[in-house]
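Only the coordinates and a few stated rules stand behind these numbers; no lab work does. Fair warning: this is a prediction, and the values are worked out from it, not measured in the lab. Please note: Cβ atoms are built from the backbone with ideal geometry, for glycine as well, and neighbour counts cover all protein chains shown.
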Amino acid sequence: MDKRKVGNILGVTSILPVIICIVIFYVERGPNADIYFIINTFCILSIIGILFAIFSWLLTKRLILFIIGLIGNVFVLAAAFLLLLAMGISEP
């Protein structure tokens with residue numbers, strides 16, 4: 001396969017973890033939600049998305065998919081960090 005085609009596929013798949021995290025956020029709501037499961041999945045998916053964005057940029061040198069994938073996944077990682085911080089403050 002061509003390196004540019006693989007890079008474009010990785011660029012599009014770097015956006016998928018953000019979409020999956022949004023779906024998980026709306027599915028796992030309410031007082032019975034397992035917040036640590038949500039934090040772990042957000043962290044794992046955002047790290048995978050950041051790696052896909054970096055590999056996409058290395059293969060294609062296209063900045064648009066890199067920037068969209070990186071910014072979206074950094075926001076998800078920041079949300080997971082804030083959730084973890086809130087859970088640490090709330091527990092005695």
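Using the charge dipole of the chain (Lys, Arg: +1 at Cβ; Asp, Glu: -1 at Cβ; taken about the Cα centre), state which of Tyr26, Leu84, Phe55 has its Cα farthest towards the positive end.
Of the candidates, Phe55 comes out farthest on the positive side.
To the nearest 20 Debye, how big is the dipole of the chain about its Cα centre, given +1 on the beta carbon of each Lys and Arg and -1 on that of each Asp and Glu?
580 debye
Per 10 Å bin, what percent of the C-alpha pairs of the stretch 3-90 does each bin hold, from zero upward?
20, 44, 23, 11, 2
Per-residue counts of other Cβ atoms within 10 Å, averaged by peptide: what ranking do you get for 8-14, 84-90, highest first?
8-14, 84-90
Could the peptides 66-75, 16-25, 29-38 be put in order, highest first, of the mean number of other beta-carbon atoms found within 10 Å of their residues?
Those peptides, ordered most packed to least, come out 66-75, 16-25, 29-38.
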